[in-house]
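Written out below as structure tokens is the structure these notes cover.
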Amino acid sequence: QVQVVESGGGLVQPGGSLRLSCAASGSIFRVYDMAWFRQVPGESRELVALSTNFGTRDYARAVKGRFTISRDNAKNTVYLQMNSLKPEDTAVYYCKAEIKVLEVGPPYNHWGQGTQVTVSS
């Protein structure tokens, strides 16, 4: 069984910073891509940042230059450093990890439960 758990959300003023963490644990053979998504009520979930197994990173246009994704492969953990936060960054942030449980067979996506980020004065 695999668990994906996010932490680090909260309330921050505009211009402030937050750091989100996401750890995958349990019966894991290998972790591939790890990514952060966000969702606002009534809207679809959108990709914020992606860290691939090959070391590449990609960002949504709205956060490029302000957010940084990083990962610690030894800990199966991915981070999202969010700087210069804006009210429009307010959302529930979800972590997605592509995980292979067994040596054979394909990897599957596992989602965390989400963590609320609120940017408001």
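Filter the range 10-27 down to the residues that are modelled with pLDDT of 95 or more, part of a loop (DSSP other than H, G, I, E, B) and of a type in the set (Gly, Ala, Ser), then identify the one that is farthest from LYS96 (Cα to Cα). Checked the range 10-27; the qualifying residue farthest from LYS96 (Cα to Cα) is GLY15.
Screening CYS22 with (1) open to solvent by less than 40 Å² (accessible area, probe 1.4 Å); (2) more than 10 Å from the chain's Cα centre (by Cα) gives one miss only, at (2). Among residues of the range 92-121 being under 16 Å from ILE69 (Cβ atoms) and not charged (D, E, K, R), the one that is surrounded by the most Cβ atoms within 10 Å (Cβ to Cβ) is CYS95.
Okay, residues lined up against (1) in contact with a Ser or Thr (Cβ under 7 Å, 6 or more places away or on another chain); (2) surrounded by fewer than 14 Cβ atoms within 10 Å (Cβ to Cβ); (3) in contact (Cβ under 8 Å) with a residue 60 or more places away in the chain; (4) over 17 Å from THR115 (Cα atoms):
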residue	(1), (2), (3), (4)
GLY10	no, yes, yes, no
GLY15	yes, yes, yes, yes
THR56	no, yes, no, yes
GLY65	no, yes, no, yes
VAL78	yes, no, no, no
LEU85	yes, no, yes, no
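Residues of the range 25-36 that are open to solvent by 30 Å² or more (accessible area, probe 1.4 Å) and either touching a Leu at 6+ places or on another chain (Cβ under 6 Å) or of a type outside the set (Lys, Arg) (or both): SER25, GLY26, SER27, ILE28, PHE29, TYR32, ASP33.
The values are calculated or read from the model by the stated rules, or taken from the named source; none is laboratory data. None of the values given here were measured: they were computed from a predicted structure. Please note: Cβ atoms are built from the backbone with ideal geometry, for glycine as well, and neighbour counts cover all protein chains shown. Heavy atoms of the whole protein, side chains included, go into the accessibility calculation; ligands, DNA and RNA do not. Shrake-Rupley method; radii C 1.70, N 1.55, O 1.52, S 1.80 Å.
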